[in-house]
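Everything on this sheet refers to the single structure shown next.
The values are calculated or read from the model by the stated rules, or taken from the named source; none is laboratory data. Computed from a predicted structure; not experimentally measured. Here the Cβ positions follow ideal geometry from the backbone for every residue, glycine too, while neighbour counts run over all protein chains shown. Only protein heavy atoms, including side chains, enter the accessible area calculation; ligands, DNA and RNA are left aside. Shrake-Rupley method; radii C 1.70, N 1.55, O 1.52, S 1.80 Å.
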Protein chains: 2
Amino acid sequence: MTDQRIEGDLPVTDAASAAADVPADATLLVSGFGSVGYPKAVPLALAESDRDLSLTVVSGGSVGAEIDVELVEADAIARRYPYQARAPAREAANDGRMAFADRHISALGDDVQFGGLVDPDVAVVEAVAVGEDWLVPSGSVGHTPAYVDSVDSLVVEVNRAQPRSLAGFHDIYRPDLPPERDPVPLSAPGERIGGPRIEFDPAKLTAVVETDCRDEPYEFRDPTETDRAIAANLRSFLTDEVERSPLFADSVRLQFGVGSLGNALMGALADADFGDRELIYFGEVIQDGLLDLLDAGQLDSASATSLALSAAGQDRLFADAERYAEDVVLRPADVSNRPALIDRFGVVAVNSALEVDLYGHANSTHVDGSRMLNGIGGSADFTRNAALSILALPSTVGSDRSRIVPMVPHVDHTEHDVDAVVTEHGVADLRGTAPRERARLLVDRCAHPDYREQLQEYLDRAFDSDGHEPHDLDAALSWHE
Amino acid sequence: MTDQRIEGDLPVTDAASAAADVPADATLLVSGFGSVGYPKAVPLALAESDRDLSLTVVSGGSVGAEIDVELVEADAIARRYPYQARAPAREAANDGRMAFADRHISALGDDVQFGGLVDPDVAVVEAVAVGEDWLVPSGSVGHTPAYVDSVDSLVVEVNRAQPRSLAGFHDIYRPDLPPERDPVPLSAPGERIGGPRIEFDPAKLTAVVETDCRDEPYEFRDPTETDRAIAANLRSFLTDEVERSPLFADSVRLQFGVGSLGNALMGALADADFGDRELIYFGEVIQDGLLDLLDAGQLDSASATSLALSAAGQDRLFADAERYAEDVVLRPADVSNRPALIDRFGVVAVNSALEVDLYGHANSTHVDGSRMLNGIGGSADFTRNAALSILALPSTVGSDRSRIVPMVPHVDHTEHDVDAVVTEHGVADLRGTAPRERARLLVDRCAHPDYREQLQEYLDRAFDSDGHEPHDLDAALSWHE
């Protein structure tokens, strides 16, 4: 079979046959990040088979319904890493049916390759083109290069619904193995140091499956009044900070977390006055808000591992891929999220959280300390290593719950990594503050006025005892449950 | 005045005069790390003056009694960063008299230089020699290069009690400013990329004070039976791991935390059988245990930022400094603890903790969640970025308290960063485990037998509810207080 997307004499087959060759207890490494670029046909064929499967599934980041709905509902996934964002997967993790463990995105490639996380069997990855010893990923790179390196058996889904021009976005670089690991030779976020192809040993390629199926991507809600108020506070804080610090003399390098709020905050930067500084994005996902900045000529370049766009955003990008690819680079997730690069570029990281406590610890993953939402994803990669780490979140959930709480019942980001907290009510700049000062700032500047008195009462009681971070352990978690 | 330690026509003066020039509300950046290499005479003169002082004191790491006892007891420190290890400083932090904030060691140089932490005024640093535009640090490098860069006024204490031969250990390299920050060009832990001198603008040098006073360094207790049992479990786990992972084909790069347990674990490695692999140390402190390994020819090289030796260890090193300096390098703390280097060298990090909870979160700093012990120091720099992160700790405190607890009331290291936990009872390898699996491993392998039943009861009750990390929030913190 010859085709511009399948070059050479490759083992083209159908999804059911490829699925049938996957051992029932295989460890499957799948492409996909930001809900795009994940394999569709083979997972679906696995879900629809009547075999008794007990798979371990490792993705790059979040993937689509074929994996985290269909395969989960078929009870075919025994073990799942490192992130999920669909209700059935979440439920299976929370009721203990599926052994789920989340992990920093930046660490996952190493984990899979030599970290003792799993014993990899088969990689199933989506591509826009494949040859005897190479493939070109589709809408995300994620950890596909590390996964392809780790397995003996590789199944490639070539998806005609993904434009071949996506190749123009990819910049594939593979970090060496420690202890001879060289620094990633990237001197600017928008620079290119590789090519579009992921290369592999041709003996690995066991099946090529043709598909024609769009991703089921994110949906972003329109910005709310609260989103806009948070954005205004963030903008004002950043405007002061870029004037203050020599790090931002010529440019500002930004990262935003995944989701509707992150998307709204990206978009809102269009109104920021950073003088004649270049605006550069160095994050893990490109969301619709960034396309607006690119179109307005306000963004110099953008680096990420996934085009995590809405369906409308995909249409917009696909229609003009060549132009967008001039300024947008997709990298492997162990490059996009690499601590060393986040440090070297002096990134300003803006991520959300479920809740923040009075001493600046943040919970991003576990509702009431017990129930997993999605996973830590790349939020800690950026929050820990950024030159300036900001958590931006609404002050309440619905009308009856504060997101500023006495003590978070699960910590994903410690006090040592959170520089500032922004809500619709204001900004608490926590840098250099002792814990008691931090608590007062968070109550006065960030908490919703309806909860300030209760929070202050908690503090008054806690401050009665000695302690660097005084707590009343009897009451500390009483805001949860 | 001419002297081989003071070269050129320098503003030599006495400590009282130098202290008198320090503004009463100055931000003082002091040398010192691992309780060695800190300035002595000027802090003491400040403590003994009858001025009403309200200083901000930023050290590299832990310092001696002149600062954290005398100055604190004189009520002269209003604000203190980032680490303290003496009772008076601890008490002042805990009762709120002194605004203390701890911070990752790796981040502190950047924080002080451009991170908005403080507005630096005067640096007071200890040296073994000084010239018009250079100084050679004494027993630690710490953040002295960054601090000297940050201030307008520099006071140097030249300490004759510190051998001039300490110069042979130092390798001073200064990271550039983001976003043009180059990777640190270090390709092996023992390599040298700088020289012994910290350079500065000669206009900064306001005073040189001569002293002759030993450090008041660490005291290590002899290894206990528990220490030896922990060491045996650690050795056995590491022996398997170096066989398993391709990272350790030729060498093993280790870091150990500060303290008597860390010191005992270092020493106990002498009995490990790592085949013909090179043993290399890449950490933040050189403790006595490493000298044993060096003397036995078992350690290829050691990189750190401080010679945190006991008085006997100092005598031993000072007597033979030239020989030890062949294999030992002291670096600035933003090099010794740099996340990028810990990653590139594939370090195995072994640190202690106060307690670990059933899902793998660790508390290293706050007794009962409230009372600060010392600070996070460099423990998270290594735990987060190591190829293999191990927490090693006794299973109990005294005879009536478990260090494996349902929920830690303060988190310094999250579940995402702890690969394995070692106690005198065994090893829990947490890699790839879901939280419920992790809990069972920690109870069965690491907890003291006297507490296993109570921990299991907690889990049984918690597992009654749904949740990825099921907790009974009413009881979660009941083991504390």
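The table below gives the values:
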| item | result |
| --- | --- |
| Förster radius 30 Å - calculated FRET efficiency between A:Asp271 and A:Arg221, Cβ distance, rounded to 0.05 | 0.90 |
| Inter-copy separations for B:Ser187, label at 7 Å along Cα-Cβ, nm, ascending | 1.9 |
| Long-range amide H partners of B:Arg160 with built H, under 5 Å | B:Thr211, B:Asp212, B:Cys213 |
| Gain on full stretching of the segment that runs from A:Ala232 to A:Glu7 - 0.36 nm per residue minus C-alpha separation | 75.9 nm |
| Share of alpha-carbon pairs per 10 Å distance bin for chain B, given as whole % | 4, 21, 30, 25, 14, 5, 1, 0 |
| Residues of region A:433-471 buried by at least 50 Å² on assembly (accessible area, 1.4 Å probe, chain alone as reference) | A:Asp466, A:His468 |
| Potential extension, B:Arg192-B:Arg214 segment - 0.36 nm per residue separation minus Cα distance | 5.2 nm |
| Shape box of region B:225-463 [Cα atoms, principal axes, largest first, Å] | 60, 39, 34 |
| Helix-only CD estimate at 222 nm, as mean residue ellipticity for chain A, using -39500 (n - 2.57) per DSSP H run (n ≥ 4) | -7500 deg cm²/dmol |
| Degrees, to the nearest 10: B:225-244 long Cα axis against longest axis of chain B | 80 degrees |
| Chain A, relative contact order in percent, only Cα pairs under 8 angstrom and at least six apart counted | 14 percent |
| Area hidden from solvent between A and B (accessible, protein heavy atoms only, 1.4 Å, total, Å²) | 5900 Å² |
| Under-5 Å amide H pairs with A:Gly194, H placed in peptide plane, nonlocal only | A:Ile172 |
| Förster radius 56 Å - calculated FRET efficiency between B:Ser49 and A:Glu199, Cβ distance, rounded to 0.05 | 0.25 |
| Apportionment of accessible area to carbon and sulfur, the protein assembly as shown, percent (1.4 Å) | 43 percent |
| Over region B:113-226: Rg over Rh, Cα atoms, Kirkwood Rh | 1.03 |
| DSSP bridge pairs, region B:225-463: antiparallel proportion in percent, nearest 5 | 30 percent |
| Residue-normalised accessible area of the protein assembly as shown, expressed per residue, 1.4 Å probe, Å² | 32 Å² |
| A:Glu126, B:Glu199, ranked by accessible area, largest first (probe 1.4 Å) | B:Glu199, A:Glu126 |
| Antiparallel bridges, percent of DSSP beta bridges restricted to chain B (to nearest 5) | 30 percent |
| Stretchable slack from B:Asp119 to B:Arg440, in nm (0.36 nm times residue separation minus alpha-carbon distance) | 110.7 nm |
| Debye log10 I(q)/I(0) for the protein assembly as shown, one point scatterer per Cα, at q = 0.08, 0.09 Å⁻¹ | -0.74, -0.95 |
| Delta accessible area of at least 40 Å² on complex formation, residues of region A:162-191, 1.4 Å probe, chain isolated as reference | A:Pro178, A:Pro179, A:Arg181, A:Pro183 |
